Amino acid sequence: MYLPIHPENPEPKKVEQVAQILHDGGIIIYPTGGVYGVGCDILNQKAVERVCRLRRLDPERAMLSFICKDISQIAGYAWQMDNEVFKLLKNNLPGPFTFILKSNNTVPRLFKNRKRTIGVRIPDSKIALAIVEQLGRPILSASLLKESEDEADDEYFTDASLIFEKYGNQVDLVIDGGPGGLVPTTLVDCSKTEFEVIREGAGVIVW
């Protein structure tokens with residue numbers, strides 16, 4: 001299914017439709033404020049496994065991220081967020097950042113990696129945030145990026161109609177929210193005493 005949604009004023013009926021698909025165990029490709037992402041309801045194990053198969057990821061090893069609506073929702077999955085972490089998130093979100101935090105027992109079992117960490121995001125995407133708000137909980141985010149230079153042209157990862165052409169038979173819905181990007185988020189590890197930028201990406205961190 002292919003569904004255009006207005007990037008600045010997401011249509012409520014369409015957002016409800018997307019949330020229902022996620023609730024029913026579907027997986028979607030959707031705009032995340034930069035690159036397009038593959039996502040699902042974090043509580044649906046079969047859907048998470050489908051996303052991992054599509055992206056060829058091992059959920060026990062991969063850094064799978066949650067798209068959250070606000071810092072309060074992030075705090076529901078993080079272990080004792082202190083003032084320094086809160087300040088860093090507040091200074092940079094919404095934006096093109098993924099923050100690695102220590103996870104708590106609320107995180108679904110499938111996401112409990114060996115380091116007991118999670119990646120969290122609040123993207124600068126009104127579509128993604130509206131979907132999370134409607135669903136009532138975070139959604140999984142795995143970036144849709146070229147894995148090698150031998151893969152298809154860049155347009156197949158930035159143009160929703162071409163993304164649908166390439167992946168439409170592997171997902172339940174492709175959302176067209178306008179042109180996507182090719183640069184992933186800046187990845188910041190906050191799970192240790194000293195914060196560390198472990199991947200330079202689309203965002204410039206404000207300390």
Restricting attention to the range 183-207, the residues that are in contact (Cβ under 8 Å) with a residue 24 or more places away in the chain and either within 20 Å of residue 21 (Cβ to Cβ) or surrounded by 13 or more Cβ atoms within 10 Å (Cβ to Cβ) (or both) number exactly 14
Given the conditions (1) over 30 Å from residue 84 (Cβ atoms); (2) in contact (Cβ under 8 Å) with a residue 12 or more places away in the chain; (3) charged (D, E, K, R), which single one is not true for residue 155?
-> (2)
Which residue pairs have Cβ atoms closer than 9 Å, lie 6 or more positions apart in sequence or on different chains, and pair a first residue in the range 1-18 that is under 20 Å from residue 123 (Cβ atoms) with a second residue that is charged (D, E, K, R) and not in a helix (DSSP H, G or I)?
-> 3/176; 4/176; 5/11; 5/176
Counting only helices (runs of 4 or more DSSP H) wholly inside the range 118-207, the ones holding at least 2 residues that are touching a strand residue (DSSP E or B) at 6+ places or on another chain (Cβ under 6 Å) are 126-135, 160-167
Residues of the range 165-203 being more than 18 Å from residue 128 (Cβ to Cβ) and among the aromatic types (Phe, Trp, Tyr), which ones?
-> 195
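Coordinate-derived values only; no laboratory data. Not measured: the values here are computed from a predicted model. Positions of Cβ are generated from backbone atoms using ideal geometry, with glycine treated the same way; all protein chains shown enter the neighbour counts.
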